[in-house]
Amino acid sequence: ENDDVRVNKEVANIQDIINQNPNDAFLVIPIHGCSFEMFENQIKRYNITHIHIAGHSSTSKIEFSDNGVTYKKLQNHIEKLNRHFELLFLNCCFSFEYIKELPFPYSDKSICHETELNGTTAYDASDIFYTHLFQGNSIDEAWTMVQNSIEDNLYHVLHP
């Protein structure tokens, strides 16, 4: 429950940053409050270029509210939709394990986490990242700002 509160705070903060720099190409979701069908419908309906997923995952699946979604299921649905993204930010535990065997072919960049993720670190990383991204920095530059700012052991990987 405390994790869900942190995730809600993270998502609300990112949405506030986006609202200050209006851009409807970003999809930011707390997966504990979003079914996979809702996620898929948002991708169908809007021209989403950046996806930020915050919440729980294991080495085998992302925990959407209705069920866990494996990498292959996510890949199959996005392939059916014929979509490509500039960024997939999986701010979830073990999310690098989720894509490392089959790098996500439908995004230019993926930000993932190799180990269990501390909720405060997840929040801080996303706050720094999106603040710098919306100040005109590239994805790589914004991620460098995160790495330079977080003292906690940050095991995120910017996956090309």
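The values are calculated or read from the model by the stated rules, or taken from the named source; none is laboratory data. What you see is a predicted model; the values in this text were computed from it and never measured. Note that we place each Cβ from the backbone using ideal geometry, even for glycine, and neighbour counts take in every protein chain shown. Ligands, DNA and RNA are stripped out before the accessible areas are found, and what is left, the full protein with its side chains, is counted by its heavy atoms. Shrake-Rupley method; radii C 1.70, N 1.55, O 1.52, S 1.80 Å.
Observations, loosely collected:
- Neighbours by Cβ (under 9 Å, 6+ apart or cross-chain): first from segment 129-142, under 12 Å from residue 18 (Cα atoms); second of a type in the set (Ser, Thr, Tyr): 132/144
- Matching residues, segment 28-47, being open to solvent by less than 30 Å² (accessible area, probe 1.4 Å) and more than 19 Å from residue 73 (Cα to Cα): 28
- Candidate set: segment 34-50, residues that are over 14 Å from the mean Cα position of the chain (by Cα) and among the hydroxyl-bearing types (Ser, Thr, Tyr); chosen: the one modelled with the lowest pLDDT: 46
- Counted as qualifying within segment 58-139 are the helices (runs of 4 or more DSSP H) with 1 or more residues that are open to solvent by less than 40 Å² (accessible area, probe 1.4 Å), among the aromatic types (Phe, Trp, Tyr) and at pLDDT below 80, namely 71-81, 95-100.
- Cβ pairs under 8 Å, 6+ apart, first in segment 28-39 and free of Cβ contacts under 8 Å to residues at least 40 places away in the same chain, second open to solvent by 50 Å² or more (accessible area, probe 1.4 Å) and of a type in the set (Gly, Ala, Ser): 32/65; 33/65; 34/65; 35/65
- Subset of segment 109-125 [farther than 15 Å from residue 149 by Cα and aliphatic (A, V, I, L, M)]: 111, 117
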